[in-house]
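Colleague: Here's a structure for you.
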Protein chains: 2
Amino acid sequence: MTGISTISIDAMGGDIGPQAVVEGIGYALKRWPDRKANYLLHGDEAHLQPLLELHPAVAAVSEIRHTPTSVTMTAKPSEAVRRARGSSMWNAIQCVKSGEASAIVSSGNTGALMAISKVILRMKKGVHRPAISANWPTPTGHTVVLDVGANISCGATQLVEFAIMGEAYHQACFGDGDPKVGLLNVGQEELKGNDTVREADSLIRNANLDMNYIGFIEGNDISAGHIDVVVTDGFTGNIALKAAEGTAKLVAGFVRDALTSSLLAKLAAGLLSLGALDRLRRRMDPRHMNGGVLLGLKGIVVKSHGGSDGEGFASALGLSLLLSKSNFMQAIRNNLDKFASAHDQDNNAQS
Amino acid sequence: MTGISTISIDAMGGDIGPQAVVEGIGYALKRWPDRKANYLLHGDEAHLQPLLELHPAVAAVSEIRHTPTSVTMTAKPSEAVRRARGSSMWNAIQCVKSGEASAIVSSGNTGALMAISKVILRMKKGVHRPAISANWPTPTGHTVVLDVGANISCGATQLVEFAIMGEAYHQACFGDGDPKVGLLNVGQEELKGNDTVREADSLIRNANLDMNYIGFIEGNDISAGHIDVVVTDGFTGNIALKAAEGTAKLVAGFVRDALTSSLLAKLAAGLLSLGALDRLRRRMDPRHMNGGVLLGLKGIVVKSHGGSDGEGFASALGLSLLLSKSNFMQAIRNNLDKFASAHDQDNNAQS
């Protein structure tokens with residue numbers, strides 16, 4: 001688990017493409033000088049070579065793997081799977097399968113990334129479909145939320161899988177030995193949630209998992225800082241995440257208005273910007289939270305936001321480096337096995 | 001539609017109870033001197049009389065309707081319906097049924113308020129269950145979001161009812177002739193949402209409603225200001241609303257940290273607080289957005305947040321006064337009839 005990681009990159013993905021990738025590696029080298037890595041850049045050499053010449057420090061740790069094709073941001077996943085063989089995304093994932101790289105990072109088409117990853121890497125035994133995780137800021141750190149969009153409707157067993165994977169992921173990312181896991185629900189008296197979350201709750205409680213499961217939580221708990229892993233279906237998770245992003249943007253706009261509303265306010269903002277405002281900006285910069293992980297695959301796949309610039313891409317790279325050096329794949333495996341065996345016993349007892 | 005409204009109040013509801021109610025009327029008198037009203041305060045005279053003596057302006061427009069019982073905040077709705085007859089909540093709703101009041105306002109138990117309102121006021125023809133609306137802030141005004149928690153799982157027809165009711169409600173609250181209505185969904189390529197939202201989308205498009213329906217929207221559109229009415233099921237809506245509340249609180253905390261992090265920052269905050277910061281505080285004060293409406297009933301029922309203080313309760317009162325003077329109940333009726341007739345034709349054509 002020590003030494004130099006190799007990260008495979010779909011260098012043509014995202015709205016900005018190769019430039020964000022090369023600049024992103026540059027930022028990562030500065031931000032995490034201790035996380036040593038080599039990078040395999042899959043994409044068009046004619047694009048990539050001139051960029052590397054501009055960034056010699058990046059060139060020193062990078063190797064171009066030329067391919068002339070890439071998956072477009074709007075391609076349908078089913079189509080991408082059939083036609084993407086040999087594209088930058090396909091080849092980048094293939095390097096994880098072959099063992100040449102420990103993780104793959106892409107800012108490309110999410111649906112295609114999921115579909116191609118499933119075909120090449122395959123799912124872990126006992127996992128139905130990948131879940132996408134997001135790191136959600138709190139006053140003191142981050143909450144891991146999953147699924148944020150991969151699975152529109154989920155059964156109870158899938159939610160349990162998410163809990164298991166999210167716990168191991170939080171441990172790997174944030175070094176927390178015993179993360180608190182909660183199941184997202186509504187809290188009204190009459191309405192204790194739908195059948196699926198109630199069933200998932202009882203499955204987790206009865207599976208004797210090595211998990212600090214604290215039961216149902218509500219939407220306002222996500223960013224409060226007292227929960228570490230939030231489990232929900234991809235429809236709800238995606239909408240909650242985007243609603244929160246919209247709210248953060250709204251409030252940031254209110255603050256900006258307040259700081260530019262008068263000469264006096266501008267003077268105040270000038271004083272603030274000497275220090276505190278910069279820190280505020282950093283804490284609210286979504287680029288620092290960039291990087292979702294496709295959990296449940298037999299390999300580490302990190303999705304960077306399609307609109308990421310170099311700084312954002314660097315965050316996704318940082319995540320891939322962290323996960324490459326952790327044993328979270330094994331931790332997921334252990335708890336999935338435990339759940340599968342508890343589940344089988346349960347089924348046998350009933351039959 | 002002119003003259004003086006009569007508002008019926010469950011004066012024992014909420015965590016603070018009668019004090020928030022009496023102070024709330026006081027704030028409402030000052031905030032909206034042109035919205036003339038009388039108030040029927042249902043509750044314990046021994047509690048209410050001394051409070052009115054402290055607030056003569058409130059006493060002048062209020063009448064106590066004594067009852068010794070009230071519904072607790074933790075009672076189960078089904079139980080409340082059986083046992084709540086004669087309680088402050090029951091009697092307050094009854095005054096709308098009898099025509100004595102044009103609206104009822106309560107900070108009490110939401111589930112009980114829904115259940116008792118259904119029993120006393122009954123549902124509008126063509127509406128399955130009440131939906132709860134929330135007014136969500138945007139840079140330029142408010143988006144109406146429904147359902148935010150009354151209906152955990154919704155069929156497509158229910159979502160169409162929400163669209164119809166939300167549109168009329170937005171018109172009544174914000175005087176907008178042609179609000180833009182969107183259906184909340186996820187936007188990933190592969191995942192165009194679940195069957196229910198797709199069916200609701202096609203029902204609305206085919207029903208020939210008098211509605212500015214703009215189709216699917218995503219979570220970040222809610223607070224962006226380009227949509228006026230957001231339609232979703234109560235599970236997703238409740239979680240999105242609370243996730244957004246949590247995020248607003250988080251960001252407010254970051255701003256507070258920034259403004260108190262150093263002497264210089266405190267000086268800056270001092271300058272700001274002379275004007276701009278106060279406005280910022282007001283824009284982010286959830287008390288100014290307090291008041292959800294239980295839509296779909298044959299009567300106006302406004303739910304005030306359980307933790308409301310006087311200022312918060314005043315906002316819920318302001319909403320009840322606005323709705324009392326509008327024709328939104330009729331507007332809902334008209335579009336429901338149109339939808340029912342389109343739906344019938346559709347069913348006949350298929351059979």
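Colleague: Take the residues in region A:192-212 that are over 18 Å from A:Ser153 (Cβ atoms) and assigned to a helix (DSSP H, G or I); name whichever of them is nearest to the chain's Cα centre (by Cα). Before you say what the answer is, go through the steps one by one.
Modeller: So the first thing to find is which residues in region A:192-212 are over 18 Å from A:Ser153 (Cβ atoms), and the list is A:192, A:202, A:204-212.
Next, from what is left, pick out any that are assigned to a helix (DSSP H, G or I): A:202, A:204-206.
Values: A:Ser202: 27, A:Ile204: 23, A:Arg205: 27, A:Asn206: 29 Å.
So the residue we want is A:Ile204.
Colleague: Looking only at residues in region A:60-90 that are outside any helix (DSSP H, G or I) and polar (S, T, N, Q), which one is surrounded by the fewest Cβ atoms within 10 Å (Cβ to Cβ)?
Modeller: First pass over region A:60-90, keeping only residues outside any helix (DSSP H, G or I): A:60-76, A:84-87.
Pick out the ones that are also polar (S, T, N, Q) and you get A:62, A:67, A:69-70, A:72, A:74, A:87.
Working: A:Ser62: 22, A:Thr67: 19, A:Thr69: 16, A:Ser70: 23, A:Thr72: 14, A:Thr74: 9, A:Ser87: 26.
Top of the filtered list is A:Thr74.
Colleague: Considering every residue within region B:97-114, establish whether at least one is farther than 26 Å from B:Val197 by Cβ, among the hydroxyl-bearing types (Ser, Thr, Tyr) and without any contact (Cβ under 8 Å) to a residue 12 or more places away in the chain.
Modeller: Looking for residues that are farther than 26 Å from B:Val197 by Cβ, among the hydroxyl-bearing types (Ser, Thr, Tyr) and without any contact (Cβ under 8 Å) to a residue 12 or more places away in the chain, one finds at least one in region B:97-114, hence yes.
Colleague: Which residues, counting only those in region A:8-26, are small (Gly, Ala, Ser) and closer than 16 Å to A:Ala60 by Cα?
Modeller: Taking region A:8-26 first, the residues small (Gly, Ala, Ser) are A:8, A:11, A:13-14, A:17, A:20, A:24, A:26.
A:Ser8, A:Gly24, A:Gly26, listed by residue number.
Residue by residue, here is whether (1) crowded, with 21+ Cβ neighbours inside 10 Å; (2) of a type in the set (Ser, Thr, Tyr); (3) within 14 Å of chain B (Cβ to nearest Cβ) holds:
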residue: A:Cys154; (1), (2), (3): yes, no, yes
residue: A:Gln158; (1), (2), (3): yes, no, no
residue: A:Glu161; (1), (2), (3): yes, no, no
residue: A:Tyr169; (1), (2), (3): yes, yes, no
residue: A:Ala172; (1), (2), (3): yes, no, no
residue: A:Val181; (1), (2), (3): yes, no, no
residue: A:Gly187; (1), (2), (3): no, no, yes
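Colleague: Criterion first (of a type outside the set (Lys, Arg), in contact (Cβ under 8 Å) with a residue 40 or more places away in the chain and over 23 Å from A:Pro137 (Cα atoms)) does B:Leu184 satisfy it? Working first, answer last.
Modeller: Working: of a type outside the set (Lys, Arg): yes; in contact (Cβ under 8 Å) with a residue 40 or more places away in the chain: yes; over 23 Å from A:Pro137 (Cα atoms): yes.
Yes; evaluated as a whole, the condition is true for this residue.
Conditions (1) in the same structural domain as A:Gln49 (by TED's automatic domain parsing); (2) modelled with pLDDT under 95; (3) under 20 Å from A:Gly291 (Cβ atoms), marked per residue:
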residue: A:Arg65; (1), (2), (3): yes, no, no
residue: A:Arg83; (1), (2), (3): yes, yes, no
residue: A:Gly99; (1), (2), (3): yes, no, no
residue: A:Leu121; (1), (2), (3): yes, no, yes
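Colleague: Any idea which residue in region A:225-245 is nearest to the other protein chains (Cβ to nearest Cβ), counting only those that are over 16 Å from the mean Cα position of the chain (by Cα) and farther than 21 Å from B:Asn220 by Cβ?
Modeller: Among those residues, the one meeting the criterion is A:Gly225.
Colleague: Which one is nearest to the other protein chains (Cβ to nearest Cβ), of the residues in region B:91-109 that are surrounded by 24 or more Cβ atoms within 10 Å (Cβ to Cβ) and either of a type outside the set (A, V, I, L, M, F, W, C) or farther than 25 Å from B:Lys325 by Cβ (or both)?
Modeller: Among those residues, the one meeting the criterion is B:Asn109.
Colleague: In addition: In contact with a Phe, Trp or Tyr (Cβ under 9 Å, 6 or more places away or on another chain) and part of a loop (DSSP other than H, G, I, E, B), is that true of B:Gly149?
Modeller: Yes; evaluated as a whole, the condition is true for this residue.
Colleague: Given the residues A:His128, A:His142, which is the only one that is in contact (Cβ under 8 Å) with a residue 12 or more places away in the chain, touching a Phe, Trp or Tyr at 6+ places or on another chain (Cβ under 9 Å) and not hydrophobic (A, V, I, L, M, F, W, C)?
Modeller: Every option except A:His142 fails the conditions.
Colleague: To continue, here is another question. B:Val119 - would you say it is more than 11 Å from chain A (Cβ to nearest Cβ), β-branched (Val, Ile, Thr) and out of contact with any strand residue (DSSP E or B) (no Cβ under 9 Å at 6 or more places or on another chain)?
Modeller: Yes; evaluated as a whole, the condition is true for this residue.
Colleague: Then there is this: Those residues that are among the aliphatic types (A, V, I, L, M) and outside any loop (DSSP other than H, G, I, E, B), I need them from region B:221-244; list them, please. Even if it seems obvious, please write down each step before you answer.
Modeller: First, the residues of region B:221-244 that are among the aliphatic types (A, V, I, L, M): B:222, B:224, B:227, B:229-231, B:239-241, B:243-244.
Matches in region B:221-244: B:Val229, B:Val230, B:Val231, B:Ile239, B:Ala240, B:Leu241, B:Ala243, B:Ala244.
Colleague: Still on this structure, I have one more. Would you confirm whether any residue within region B:71-84 is at positive phi and either in contact (Cβ under 8 Å) with a residue 60 or more places away in the chain or more than 14 Å from every other protein chain (Cβ to nearest Cβ) (or both)?
Modeller: Looking through region B:71-84, none of the residues is at positive phi and either in contact (Cβ under 8 Å) with a residue 60 or more places away in the chain or more than 14 Å from every other protein chain (Cβ to nearest Cβ) (or both).
Colleague: Within region B:224-252, can you find the residues that are touching a residue at least 40 places away in the same chain (Cβ under 8 Å) and farther than 20 Å from B:Gly177 by Cα?
Modeller: Once the filter is applied, which keeps residues that are touching a residue at least 40 places away in the same chain (Cβ under 8 Å) and farther than 20 Å from B:Gly177 by Cα, region B:224-252 yields B:Thr232, B:Asp233, B:Gly234, B:Phe235, B:Thr236, B:Gly237, B:Asn238, B:Ala240, B:Leu241, B:Ala244, B:Glu245.
Colleague: Is it the case that B:Asn220 is more than 17 Å from A:Gly234 (Cα to Cα) and of a type outside the set (Lys, Arg)?
Modeller: Answer is no for this residue.
Colleague: Could you tell me how many of the residues in region B:248-284 are under 21 Å from B:Ser315 (Cβ atoms) and modelled with pLDDT of 70 or more?
Modeller: 3
Colleague: Still on this structure, please answer the following. When only residues in region A:122-141 that are among the hydroxyl-bearing types (Ser, Thr, Tyr) and over 17 Å from A:Ser320 (Cα atoms) count, which is surrounded by the most Cβ atoms within 10 Å (Cβ to Cβ)?
Modeller: So, considering only residues that are among the hydroxyl-bearing types (Ser, Thr, Tyr) and over 17 Å from A:Ser320 (Cα atoms), the one surrounded by the most Cβ atoms within 10 Å (Cβ to Cβ) is A:Thr138.
Colleague: Out of all the residues in region B:123-170, which are out of contact with any helix residue (DSSP H, G or I) (no Cβ under 8 Å at 6 or more places or on another chain) and either over 22 Å from B:Glu218 (Cβ atoms) or not assigned by TED's automatic domain parsing to the domain that holds B:Ile217 (or both)?
Modeller: B:Met123
The values are calculated or read from the model by the stated rules, or taken from the named source; none is laboratory data. Quick caveat: nothing in here was measured; it's all calculated off a predicted structure. Using ideal geometry, Cβ is built from the backbone for each residue, glycine included, and neighbour counts are taken over all protein chains shown.
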